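The values are calculated or read from the model by the stated rules, or taken from the named source; none is laboratory data. Bear in mind the structure is a predicted one, so any value in this text is a computation, not a measurement. We place every Cβ from the backbone using ideal geometry, glycine too, and count neighbours over all the protein chains shown.
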Ligand code: GLN
């Protein structure tokens, strides 16, 4: 019988509820408890697919091709879970379901209302996420207690908990303890108010987690416990940390996983915390300094490329490197001199992206890496830019473009080296849908990619609309680019490499989504290894 752990937040949003939920998942799964997750996002978008990374950070793609909130990335990385479409539910989806049912006459003439119809649909979504029977389902509610748009979810949680036995569910509330503007003691009043707000909604928290800049004093803990109807040991510190992966052990040291298991009637012994701790130690200190440049468009928002930064950190920790990842604005490279900007780096990454803005800066970075032998890793759009750069500067096709750029300038569609394809894999200026989720890739034996993966058949997650134009691949290969990975049913290009000693690999997929702290992704490992072998960067 699945047990349910609900997590709400108070005072302000972006407190790290996702990391806390993921950390609890890590703790319980290390004790041998099967965990899964559900993230409720109370916005009206059907999913995160259309959202600007500046507002919501990265769109995380699951195996089954759902475009989800980046918290699912934390859940997968911390708890080793593999999640899917039903693990991220938005208000838009809930209302969509209710309105579809209304049109089909499923409500038999009743007035369709938030209570019971919307709330019942939310409750059904919780049960759907638990269908595979995890021992524990973590259900995190986005936003802050008191938000108008969160209210139907809060009511659904209240009713859902009421329907369960006492040890069937628990509620954790994460609140902010701000410092006094005048300095000195941290302030508890906002957290008290959010506890009060929860009570007004008919919910009683079982644990209060407090996010603060520094650990709280005994006095603060006792005061919060008193105002929240809790024992003092159920008020837990979540101080700021240098590395989010430290959080599981911070919670463990306060006995939270033990108390949670006891409260839910789950029998389990302490798990082996050693592998996680050694990863944290390696990720924190690491030996050899390694500077990597990532050239992107959304560099002003740290979370826009969340999984990429994490994947690189996992690989660097495994290779005992002290990683410094710098984000370089693609537009800065358009104006500036790539050699001057990129010289301090031992490796260059061009990640996923959309649209023409910044494309020529990315291509300048790729050219610099290609011509100077600096290790290069291209991810999705990074592969597409690498193909166009090669077409222009090696194949002599100065007008080569991606069909994605045709609206942006008077480009000629006939020069599309990256194009939209119809269902048969033929180039067409029309149609084309986003290719999403896990797709197979057959690797050429002996290639760099096959060596890195240690396999010849792999699967990676995709999120793109455009493909390398199959009519251009012969010319690419003739001029020395190697196509070492293809999508087996269609023959579409999945991976490109350059021959010779240089580590220059780009993939049409997003391998970063599958990297885990204790199982770094093979392509990132190989890239980091190559960058370390590079020694001192050019010009250093
Ligand atoms: N914009 C490109 C496409 O749609 C690449 C997308 C990406 O990098 N995720 O094909």
Meets criteria (outside any strand (DSSP E or B), in contact (Cβ under 8 Å) with a residue 24 or more places away in the chain and either within 13 Å of the ligand (Cβ to nearest atom) or under 19 Å from residue 477 (Cβ atoms) (or both)) for residue 409: no
Candidate set: the range 368-379, residues that are touching a residue at least 60 places away in the same chain (Cβ under 8 Å) and surrounded by fewer than 24 Cβ atoms within 10 Å (Cβ to Cβ); chosen: the one nearest to the ligand (Cβ to nearest atom): 370
The range 52-63, subset in a loop (DSSP other than H, G, I, E, B) and modelled with pLDDT under 95, residue surrounded by the fewest Cβ atoms within 10 Å (Cβ to Cβ): 52
Pairs where the first residue, in the range 381-405, is within 14 Å of residue 472 (Cα to Cα) and more than 12 Å from the ligand (Cβ to nearest atom) and the second is modelled with pLDDT under 95 and part of a loop (DSSP other than H, G, I, E, B), C-beta under 6 Å, 6+ apart: 401/411
Some residue of the range 433-441 being surrounded by fewer than 19 Cβ atoms within 10 Å (Cβ to Cβ), more than 16 Å from the ligand (Cβ to nearest atom) and free of Cβ contacts under 8 Å to residues at least 12 places away in the same chain: no
One residue from 332, 326 being more than 16 Å from the ligand (Cβ to nearest atom), over 24 Å from the mean Cα position of the chain (by Cα) and not in a loop (DSSP other than H, G, I, E, B): 332
First in the range 412-426 and closer than 11 Å to residue 471 by Cα and within 15 Å of the ligand (Cβ to nearest atom), second anywhere and part of a strand (DSSP E or B) and at pLDDT below 90, Cβ under 6 Å, 6 or more apart: 419/427
